[in-house]
Amino acid sequence: MKDLPPSFEAIQTSARRKGYSRSYAYRLIFLCSVVLTAVAWNYADQHLHDLAQERFERRVNSTRDAVLTRMQQYQQFLNGGVGLFVGSSHVSRQEWHDFVENANIEQNFPGLQNMAVDFPIRAQDKAAHIASVRAEGFPNYTIIPEQPAREVYHSLVYVEPFSGRNLRAFGFDMYTNPIRREAMDRAIDLGMPSMSAAVKLVQENTQDAQYGFIFCYPVFHQRASLNSADERRKNLRALICGAFRMKDLMRGIFGTAISDVDLEIFDSGASNLDSSLYSSVGAMTVAHSDYRRELTTEIGGHKWLLRVTANQNFLKAAGKTQSILIAIGGILFNLGLFFALSTAKRREEDAIVRNEHNSNLFKSVMDCTTSFIHVRNTQGRYLYVNKEYESVFECRNELVCGKHYTEVLPEYFWATVRENDKIILQSGATLRTETIVHKESGSRVYLVIRSPLFDSAGRIIGTCGVGMDISPIKQLEQEKEAAFESLRLSEERWAFAIEGSGDGVWDWNLITNKVKLSVRGKEMLGYADSEIDDEVTEWEHRIHPDDRENVRREMNAHLHSASKGFAVELRLLCKDGSYKWIYDRGLIVKRDEQGRAVRMVGTMVDISKRKEIDRIKAEFISTVSHELRTPVTSIRGALGLLENGVMGQLEPKVMELVKVANRNSQRLITLVNDILDMEKLLSGKMAMNISRVSLRVLLQQAIDENAAYAAGFSVKINLVDCLESVDGGDEDCHIDADPDRVKQVLANLLSNAAKFSHAGDVVLLSLRKQENQVVVYVEDHGSGIPLDFQPRIFEAFAQADCTDTRQQGSTGLGLNISKKLIEQMGGEIGFTSEVGKGTCFWFALPLPRNDAPQDADLTQ
């Protein structure tokens, strides 16, 4: 083993001593300037040349290492795609999309045009394969080129990112191209990653066209025999392919900064114009032979020749000091020489410090990584191990250096290490294996990537291994399999639950306009499974004529993303000619890249019995309310006369009873009127006098009519400046609605806001235009609506708190009636509330039809 280098302090001491001795030599040189001028010049020139040569060699090595390191990083990423297939019996298009999208290749892997999966397809399976992909939503998909006919086709089925120029690669058969075919054959026959020669990618167009290449990683069927090339071809599952653009790749490695060397890359190890892959200067360069190096390297079974040449920046830097020394003559030459030597001395010291710093930095980086790293020579003796390796194999770097691996590793590793090193040293290729390390704390699984180490001449001088702990990944794979099994059982239970519930289930493909209905859904209408086809027009014609417009409106609202779901009550024609009430619900589960609906699913529930009960209830309510109105009105009239003293002055106690009875009779009349309104709304007999009215005027009238009522609670009603709220202009806001019904809704909302506000509060009334509708807001700052009551706020006879609400005199029907009135005028109503801070009720009404967009057709 070599001795350790001297310490930094020893280098400084030695440098000082040399400096003192040189100072005397410089004085002697100064006295003998005429004689020694030529000798001094020769020495300086040679010294500068050596420094330049050394610097150039470092630039060559750093350039080569940058290319190789980046390619190894890209290979590891592509290998991740192989791992995705190895870890699953089926990888969907969405899973491949998520894998590539999460990698963010545009930023993290510049030059990688796409990540694609090439599937082999036998000739007899071609038609079925094309139909399967088209069924996924790609109606124009086919394998290109179609000719010539062949026994096995290859197609890039998964291409990510699936946009831009990458769309031209979708369905492309790379095997029809001889350059690509050579790389694919090598990958399949050897079962290892393979890189192609230079090729023009199908993604290229006339803009920024450049050469590229592909990387292929084979994936074989699990548990298949792969002992020969024929077996590997037979059991090929897919090829994970990465397409690279050469200029983009180099820009990702070196950036756009000006360098003092130029790089040229030639394909197949031959340096001629026909094989040129990349040039940083755009043309063949000419330079002194001392500042040009050609290096041959092999990546993925394919050779590249890297030519590194010093450019004018490098030559200027190399000759700057020399040009200064030439201008100095005579005695000044010695002064210049002294300066040059002093500068060289400082550079040497700086170089020593930098080398030590780089060495320490390298060791720090290696020791900080969570992967273990080892370097061994060709005889299997250690040259370096990092901290993680020391921790995993319980050893020390300073103690294992120079030792054979049989002296460090447990015996159960020896045979594996010997075989792996043999493969690497003979093939010169990277090897990936999984290694299990047994420790007292338990066994851990490591993914070990072993690579050969080359000297500047391209000879293998050792091996390097990097081991990553993949035990958590293995655990996740097991958990993933368990999750898939759980999902399968869950889907089975869901299907069983749907069938057991008695509901019908439908699935609508909006691309093909086909609707699949479950057997139960067809039985609900009296049909057998084979008696109804799956055309969407079949179901549109079965909808009752009076219900079609409502269904079309609700469906369009959901298709245009105006609602979170589709839900409507409608009548469907049965086999016996009768109509059955159905509660139909649906939800869009898939949209295309433009946001258009592609697939929608839903359920059908038979609500015929509930509808019959509602009808009977409505008739009962109508009868009771009409029978109550006449006697209650008479009673209230009589009580009013008594309270006003028509029958003479009553005793105080009697007067108090009369007042209570009068107030209760008024509440009873209000309840009867609300019940009658609700009955009319439920039966569809509520008359609507629709006209074009100014909403601003209606709001002001509502404030005037309800101000006295609000004052009884010490509450004011303010109108927010409508002119400022409506598009920031002076235009009025008109709607097509029944003004009396709108004021009835406003009266209900304003009275509720006043009742539940604190004394001295202000109720705010405002409106806003939003796209094709106008929204009115009624906001108070009262106690808010309890959370447990909010889901039932619009139900009939619903009240938040029996004691508090009863004190306010509520019938529990106002909000239910308001909701039905707004909906009958084509609008919607809702609220937001925070307990302790207040409530904001709102309702939206459509603008006149000439301002609103046209609805889409139901079948589109």
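The values are calculated or read from the model by the stated rules, or taken from the named source; none is laboratory data. Model, not experiment: these values are computed from the prediction. So basically every Cβ, Gly included, is an ideal-geometry build from the backbone, and we count neighbours across all protein chains shown.
In the set ILE449, ILE436, only one residue is loosely packed, with under 14 Cβ neighbours inside 10 Å, of a type in the set (A, V, I, L, M) and under 19 Å from VAL385 (Cα atoms); that residue is ILE436.
The residues of the stretch 498-511 that are under 33 Å from the mean Cα position of the chain (by Cα) and modelled with pLDDT under 80 amount to a single one, ILE498.
Residue pairs whose Cβ atoms lie under 6 Å apart, sitting 6 or more positions apart in sequence or on different chains, and linking a residue in the stretch 376-394 that is of a type in the set (Ser, Thr, Tyr) to a partner that is modelled with pLDDT under 90 and assigned to a helix (DSSP H, G or I), are TYR382/VAL400. Of all residues in the stretch 406-419, at least one satisfies being assigned to a helix (DSSP H, G or I) and crowded, with 18+ Cβ neighbours inside 10 Å.
Pairs under 6 Å by beta carbon, first residue closer than 30 Å to GLY164 by Cα and assigned by TED's automatic domain parsing to the domain that holds ALA557 in the stretch 581-598, partner part of a strand (DSSP E or B) and not hydrophobic (A, V, I, L, M, F, W, C), six or more apart or different chains? Within 6 Å, the pairs are VAL589/ARG599; LYS590/ARG599; ALA597/ARG591; VAL598/LYS590; VAL598/ARG591. One residue stands out in the stretch 578-593 among those that are aliphatic (A, V, I, L, M) and under 15 Å from GLY504 (Cα atoms): the one that is farthest from the chain's Cα centre (by Cα), namely ILE582. Strands (runs of 3 or more DSSP E) fully within the stretch 500-597 that include at least 3 residues being within 30 Å of PRO846 (Cα to Cα): 566-573, 579-591. Evaluating ARG93 against the criteria (1) within 19 Å of SER194 (Cβ to Cβ); (2) under 22 Å from the mean Cα position of the chain (by Cα) leaves one unmet condition, (1).
Considering the stretch 547-577, and only residues there that are free of Cβ contacts under 8 Å to residues at least 24 places away in the same chain and not aliphatic (A, V, I, L, M), the residue that is farthest from LEU510 (Cα to Cα) turns out to be GLY577. Would you call GLY255 at pLDDT below 70 and not hydrophobic (A, V, I, L, M, F, W, C)? So GLY255 fails the test.
Screening SER427 against (1) at pLDDT 90 or above; (2) out of contact with any Lys or Arg (no Cβ under 9 Å at 6 or more places or on another chain) leaves a single unmet condition, (1).
Restricting attention to the stretch 421-433, which residues are in a helix (DSSP H, G or I), surrounded by fewer than 18 Cβ atoms within 10 Å (Cβ to Cβ) and touching a strand residue (DSSP E or B) at 6+ places or on another chain (Cβ under 8 Å)? Within the stretch 421-433, ILE423, LEU425 qualify. Listed by position, the strands (runs of 3 or more DSSP E) contained in the stretch 299-388 that have at least 1 residues being under 49 Å from the mean Cα position of the chain (by Cα), modelled with pLDDT under 70 and surrounded by fewer than 18 Cβ atoms within 10 Å (Cβ to Cβ) form an empty set. Inclusion of ILE179 among residues that are of a type in the set (Val, Ile, Thr), surrounded by 15 or more Cβ atoms within 10 Å (Cβ to Cβ), in contact (Cβ under 8 Å) with a residue 40 or more places away in the chain and in the same structural domain as SER280 (by TED's automatic domain parsing) is not warranted.
Just the residues that are modelled with pLDDT under 70, surrounded by fewer than 16 Cβ atoms within 10 Å (Cβ to Cβ) and farther than 30 Å from TRP581 by Cβ, please, taken from the stretch 605-633. Scanning the stretch 605-633 gives a single hit, THR630.
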